[in-house]
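Colleague: Quick one: this structure, given as structure tokens, is what I'll be asking you about.
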Amino acid sequence: MKNKLFSLLFFLPLSILSTQAQRYDKEKATIVPADEKSWLIGIGSANILDSYISPENYHGTDIRFISQSRHHQKKRPQWITEMTHMGSFQTAKPRSEDSNNLAGAYTFCISLKRQWKLSEQLYMEAGGEAGFSLGFLYNNRNGNNPAQLKSNMNISPSAGTSYFFPLCRKTIKINYEVSAPLLGLMFSPNYGQSYYEIFSRGNYDRNLVPVTPFNSPSLRHMLSVDVPLKWTILRVGYLGDYQQAEVNHLKYHTYSHLLIIGFTIHR
């Protein structure tokens, strides 16, 4: 999986993230920048590994709730500020199905990107993103280490592209966005260290770990299609989220593939 992620990072220029928020002016045959607000729900599969809890891979279901807002700066409309709130919940079992992992997380990201018009129908953007995530993992069978705290912050390069085309008297928009953490900080107990040692006795043992693509090669990308309806815009697509790390002699990963659907409004 690491090799695949490194290949994606190498071949996708600027590591692409972000969604385009434009509307199409049919009379002028051009695209006009517009602020945007989106609400999305995603459901799909999850593959979870946390060697602090168990050496087994757990497979199950991932549910996401995503809220995104995009704002073009008034004096410099080619610059876009985007904020994303994402809540996730996963439930997964090992092959033996004798236990269950429950996981949840809240993620907040804010990004600043520069937009370029490549043609009347094609736009690109690239920039940077700062993100923070806080969550948990609970195993209903473990006695000594039943739960794990999940927390990290990172800075990611980001970019994206959008393509507009007419179909059945409507203007359809295809979006692709991707981000990959470049530098960050992650909380992790050390191998064999209990949470009692960390929080009750105050025994610090490299529990805040710097992360880079070398020890935490991760990637999040989304492909979506916007279809105008009478009162709003329907958005349907795919979200792939591959988060992993190997720190303090422990391995973590959560690989998710989700179908997303929701609505977008221009403001």
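Colleague: Scan region 48-62 for residues that are among the β-branched types (Val, Ile, Thr), under 22 Å from His221 (Cβ atoms) and surrounded by 17 or more Cβ atoms within 10 Å (Cβ to Cβ) and jot them down. Give the derivation first.
Modeller: Residues of region 48-62 that are among the β-branched types (Val, Ile, Thr), as a first pass: 48, 53, 61.
Imposing the further condition that a residue be under 22 Å from His221 (Cβ atoms) reduces the set to 48, 61.
Within region 48-62, Ile48 is the sole residue that qualifies.
Colleague: Among what's in region 217-247 and is at pLDDT below 95 and outside any strand (DSSP E or B), pick the residue that is most open to solvent (accessible area, probe 1.4 Å).
Modeller: Residue satisfying both the conditions and the ranking: Trp231.
Colleague: Hey, another quick one. For region 151-206, which positions are more than 23 Å from Met124 (Cβ to Cβ) and aliphatic (A, V, I, L, M)?
Modeller: Met153, Leu183, Leu185, Met186, Ile198
Colleague: Given the conditions (1) more than 22 Å from the chain's Cα centre (by Cα); (2) polar (S, T, N, Q); (3) surrounded by 15 or more Cβ atoms within 10 Å (Cβ to Cβ); (4) within 30 Å of Ser38 (Cα to Cα), which single one is not true for Thr264?
Modeller: Unmet for Thr264, out of (1) more than 22 Å from the chain's Cα centre (by Cα); (2) polar (S, T, N, Q); (3) surrounded by 15 or more Cβ atoms within 10 Å (Cβ to Cβ); (4) within 30 Å of Ser38 (Cα to Cα): (1).
Colleague: Scan Ile174, Ile198 and give me the residue that is under 24 Å from Met83 (Cβ atoms) and not charged (D, E, K, R).
Modeller: Ile174
Colleague: Given the structure, is Tyr24 over 14 Å from Met222 (Cβ atoms), at pLDDT below 95 and open to solvent by 60 Å² or more (accessible area, probe 1.4 Å)? Full working, then the answer.
Modeller: Working: over 14 Å from Met222 (Cβ atoms): yes; at pLDDT below 95: yes; open to solvent by 60 Å² or more (accessible area, probe 1.4 Å): yes.
In short, yes.
Colleague: Out of all the residues in region 70-95, which are out of contact with any His (no Cβ under 9 Å at 6 or more places or on another chain) and in contact (Cβ under 8 Å) with a residue 24 or more places away in the chain? Working first, answer last.
Modeller: First pass over region 70-95, keeping only residues out of contact with any His (no Cβ under 9 Å at 6 or more places or on another chain): 70-77, 84-91.
The answer is Arg70, His71, His72, Pro77, Thr84, Ser88, Phe89, Gln90, Thr91.
Colleague: Moving on. Can you tell me which residue is farthest from Glu36 (Cα to Cα) among those in region 177-216 that are part of a loop (DSSP other than H, G, I, E, B), in contact (Cβ under 8 Å) with a residue 24 or more places away in the chain and open to solvent by 80 Å² or more (accessible area, probe 1.4 Å)?
Modeller: Tyr191
Colleague: Out of the strands (runs of 3 or more DSSP E) lying entirely within region 73-147, which hold 3 or more residues that are among the charged types (D, E, K, R) and buried (at least 16 other Cβ atoms within 10 Å of the Cβ)? Walk me through how you get there before you give the answer.
Modeller: Values: elements: 79-93, 101-117, 122-139.
Filter on region 73-147 gives an empty set.
Colleague: Something else: If you take the residues of region 155-176 that are open to solvent by 30 Å² or more (accessible area, probe 1.4 Å) and within 24 Å of the chain's Cα centre (by Cα), which of them is nearest to Phe108 (Cα to Cα)?
Modeller: Step one: of region 155-176, the residues open to solvent by 30 Å² or more (accessible area, probe 1.4 Å) are 155, 157, 161, 163, 165-170, 174, 176.
This time we only want the ones that are within 24 Å of the chain's Cα centre (by Cα), so: 155, 157, 161, 163, 174, 176.
On the way: Ile155: 12, Pro157: 16, Thr161: 22, Tyr163: 27, Ile174: 24, Tyr176: 20 Å.
Out of the qualifying residues, it is Ile155.
Colleague: Still on this structure, please answer the following. Take region 116-134 and flag every residue that is touching a residue at least 24 places away in the same chain (Cβ under 8 Å) and more than 18 Å from Ser156 (Cβ to Cβ).
Modeller: Within region 116-134, the subset touching a residue at least 24 places away in the same chain (Cβ under 8 Å) is 116-117, 120-134.
Trp116, Lys117, Glu120, Gln121, Leu122, Tyr123, listed by residue number.
Colleague: Of the residues Tyr58, Tyr106, only one is aromatic (Phe, Trp, Tyr), at pLDDT 95 or above and more than 16 Å from the chain's Cα centre (by Cα); which?
Modeller: Numbers: Tyr106 fails: more than 16 Å from the chain's Cα centre (by Cα).
Of the residues listed, the single one that is aromatic (Phe, Trp, Tyr), at pLDDT 95 or above and more than 16 Å from the chain's Cα centre (by Cα) is Tyr58.
Colleague: Can you tell me which condition Ser156 does not meet? The list is (1) out of contact with any Asp or Glu (no Cβ under 7 Å at 6 or more places or on another chain); (2) under 17 Å from Asp241 (Cβ atoms), and all the others hold.
Modeller: (1)
Colleague: Can you list residue pairs whose Cβ atoms sit under 6 Å apart, with the first residue in region 232-253 being acidic (Asp, Glu) and the second being buried (at least 18 other Cβ atoms within 10 Å of the Cβ) and part of a strand (DSSP E or B)? Count only pairs 6 or more apart in sequence or on different chains.
Modeller: Asp241/Arg220; Asp241/Ser256
The values are calculated or read from the model by the stated rules, or taken from the named source; none is laboratory data. It should be emphasised that the depicted structure is a prediction, and the values quoted were computed from it without experimental measurement. No Cβ is skipped: glycine too gets one built from the backbone with ideal geometry, and neighbour counts run over all protein chains shown. Surface areas here come from the heavy atoms of the whole protein model, side chains and all, with no ligands, DNA or RNA. Shrake-Rupley method; radii C 1.70, N 1.55, O 1.52, S 1.80 Å.
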